[in-house]
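Quick notes on the structure that follows.
The values are calculated or read from the model by the stated rules, or taken from the named source; none is laboratory data. Quantities reported herein were computed from a predicted structural model and do not represent experimental measurements. No Cβ is skipped: glycine too gets one built from the backbone with ideal geometry, and neighbour counts run over all protein chains shown.
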Amino acid sequence: MQSLTNRSKIVQKRDLTFMEKLYLPAILGGMVITIKHLFRKKVTNKYPDTVREFTPVYRGVHVLKRDEQGRENCTACGLCAVTCPAEAITMTAAERKPGEENLYREEKYAAVYEINMLRCIFCGLCEDACPKDAIYLTDRLIDAKYHRSNFIYGKDKLVEKTDERVDVSKRKKVYTLS
């Protein structure tokens, strides 16, 4: 019975200490900031309705370019795969056969060219290393997918279509000698 009476003691009201009094303005200041943010204009874009504008040098999905006659620029030199810090690019070189002059520019071409988009960090080093201006990063976004295997882009997704040319004039760098 003794312990029951100890628990039922009434807590007496006491004055705030000096440190507790200093803390009250900080609480009120935080409340003022919170109330201000309630009435501000929202920063978020409603994505499907309004699309955010990207910078001209935005790095998105890769594209393997073709020349004016529709032949692939890539000569399977492998410089893009070597310079890739994420090791996202793999390729297999092959020799051009007689009769394939209208498909490939040089004697060698990339029979298999794959980029693992899950590994790619979109640094653009592959674009800088290519001596034939074959690979560029475009301003397109990567589509969302459900399976990891769908993020390995082969030549079927990377090589530009002859009737749908990708404009990379914003991405091309002009080097001038002074």
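Listed values, structure above:
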read-out: Breaking point among (1) part of a loop (DSSP other than H, G, I, E, B); (2) more than 22 Å from Ser169 (Cα to Cα); (3) of a type in the set (Phe, Trp, Tyr), for Phe122; value: (2)
read-out: Residue identified as among the acidic types (Asp, Glu) and either surrounded by fewer than 10 Cβ atoms within 10 Å (Cβ to Cβ) or in contact (Cβ under 8 Å) with a residue 60 or more places away in the chain (or both) among Asp67, Asp15; value: Asp15
read-out: Number of the condition not met by Lys42 [criteria: (1) modelled with pLDDT of 90 or more; (2) within 32 Å of the chain's Cα centre (by Cα); (3) among the basic types (Lys, Arg)]; value: (1)
read-out: Residue among Glu114, Glu164, Glu72 that is modelled with pLDDT of 90 or more and within 26 Å of the chain's Cα centre (by Cα); value: Glu114
read-out: Residue selected from the stretch 141-161 under the condition over 16 Å from the mean Cα position of the chain (by Cα) and assigned to a loop (DSSP other than H, G, I, E, B), by the criterion nearest to Val63 (Cα to Cα); value: Glu160
read-out: Odd one out for Lys108 among (1) of a type in the set (D, E, K, R); (2) without any contact (Cβ under 8 Å) to a residue 12 or more places away in the chain; (3) surrounded by 14 or more Cβ atoms within 10 Å (Cβ to Cβ); value: (2)
read-out: Filtered residues of the stretch 148-161 (kept if among the charged types (D, E, K, R), farther than 19 Å from Glu127 by Cβ and at pLDDT 85 or above); value: Arg148, Asp156
read-out: Residue match in the stretch 49-59 (condition: farther than 30 Å from Ser169 by Cα, loosely packed, with under 10 Cβ neighbours inside 10 Å and basic (Lys, Arg)); value: no
read-out: Meets criteria (charged (D, E, K, R), at pLDDT below 90 and closer than 29 Å to Glu53 by Cβ) for Arg105; value: no
read-out: Test: Phe122 is in contact (Cβ under 8 Å) with a residue 60 or more places away in the chain, on the phi > 0 side of the Ramachandran plot and hydrophobic (A, V, I, L, M, F, W, C); value: yes
read-out: Residue selected from the stretch 75-102 under the condition loosely packed, with under 14 Cβ neighbours inside 10 Å and among the polar types (S, T, N, Q), by the criterion modelled with the lowest pLDDT; value: Asn102
